[in-house]
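Each remark here refers to the structure printed beneath this line.
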Amino acid sequence: MRKSCPRCSGGVEQKTLGVISVEASPLRLTVVDMPAAGCAKNHTAPVDNDLIQELKRREAALPAGEEKGTLFKKFLCGCGKELAAKSERKQTFPLELAYAGHPGFKAAIEMPVYKCSGCGKEQLRSVKEAQKHTSHAIAELNDAAGFPHA
């Protein structure tokens, strides 16, 4: 836990942020009751700076195709067939997260899913693509939460 505010150096105590939802199209990231450090001047700061790494780690386990090609990208299912060019719908992937020494909180990543023309499996286009959008969503989340820029 932080001992002082990174903006004013005042003492901090743990608080929760409630619901914050941000979009880095096509990804939407929502966090609920995320712990933060807050000071008497109402400044907030993250209790841990590893949220982006944890979300990227979790995304690596989501069902996703494989990105192929450098200039003309294709997204292939594990069965070898190409994923549909357009998404038919978005899917929300709920996550339970916790920082050491702090209460758990919820997060949800909403992304378009693409249907395989061969086996019918719905999945993200690729983990790499999802992780790129997550990086942008975390920057938006930091701004929405009022966290200081490094």
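The criterion of at least 1 residues that are in contact with an Asp or Glu (Cβ under 7 Å, 6 or more places away or on another chain), among the aromatic types (Phe, Trp, Tyr) and in contact (Cβ under 8 Å) with a residue 12 or more places away in the chain is met by the following strands (runs of 3 or more DSSP E) wholly inside the range 45-150: 74-76, 105-115. The conditions of being surrounded by 15 or more Cβ atoms within 10 Å (Cβ to Cβ), within 14 Å of Gly104 (Cα to Cα) and either within 20 Å of the chain's Cα centre (by Cα) or without any contact (Cβ under 8 Å) to a residue 60 or more places away in the chain (or both) are met by Val31. Against the numbered list (1) hydroxyl-bearing (Ser, Thr, Tyr); (2) within 20 Å of the chain's Cα centre (by Cα); (3) surrounded by fewer than 19 Cβ atoms within 10 Å (Cβ to Cβ), Thr70 comes up short only at (2). The set of residues in the range 117-136 that are open to solvent by less than 40 Å² (accessible area, probe 1.4 Å), of a type outside the set (Gly, Ala, Ser) and touching a strand residue (DSSP E or B) at 6+ places or on another chain (Cβ under 6 Å) comprises Gln123, Leu124, Val127, His133.
May I ask you to verify whether Ala24 is open to solvent by less than 20 Å² (accessible area, probe 1.4 Å), under 16 Å from Ala108 (Cβ atoms) and small (Gly, Ala, Ser)?
Numbers: open to solvent by less than 20 Å² (accessible area, probe 1.4 Å): yes; under 16 Å from Ala108 (Cβ atoms): yes; small (Gly, Ala, Ser): yes.
So Ala24 passes the test.
Which members of the range 84-104 meet the condition of being closer than 13 Å to Asp48 by Cβ and under 13 Å from the mean Cα position of the chain (by Cα)? Show your work before the answer.
Kept after step one, since they are closer than 13 Å to Asp48 by Cβ, are these residues of the range 84-104: 97-104.
Residue satisfying the conditions is Leu97 alone.
Take the range 60-90 and flag every residue that is more than 11 Å from Arg125 (Cα to Cα) and not small (Gly, Ala, Ser). Residues satisfying the conditions are Thr70, Leu71, Phe72, Cys79, Lys81, Glu88, Arg89, Lys90. For Glu82, the requirement of being surrounded by fewer than 18 Cβ atoms within 10 Å (Cβ to Cβ), in contact with a strand residue (DSSP E or B) (Cβ under 9 Å, 6 or more places away or on another chain) and on the phi < 0 side of the Ramachandran plot is met.
Taking the range 2-20 as the range and being on the phi < 0 side of the Ramachandran plot and open to solvent by 80 Å² or more (accessible area, probe 1.4 Å) as the test, the residues that pass are Lys3, Arg7, Glu13, Val19.
The values are calculated or read from the model by the stated rules, or taken from the named source; none is laboratory data. Only a predicted model underlies this, so the values are computations on that prediction, with no experimental measurement involved. So basically every Cβ, Gly included, is an ideal-geometry build from the backbone, and we count neighbours across all protein chains shown. These accessible areas exclude ligands, DNA and RNA; they are computed on the full protein's heavy atoms, side chains included. Shrake-Rupley method; radii C 1.70, N 1.55, O 1.52, S 1.80 Å.
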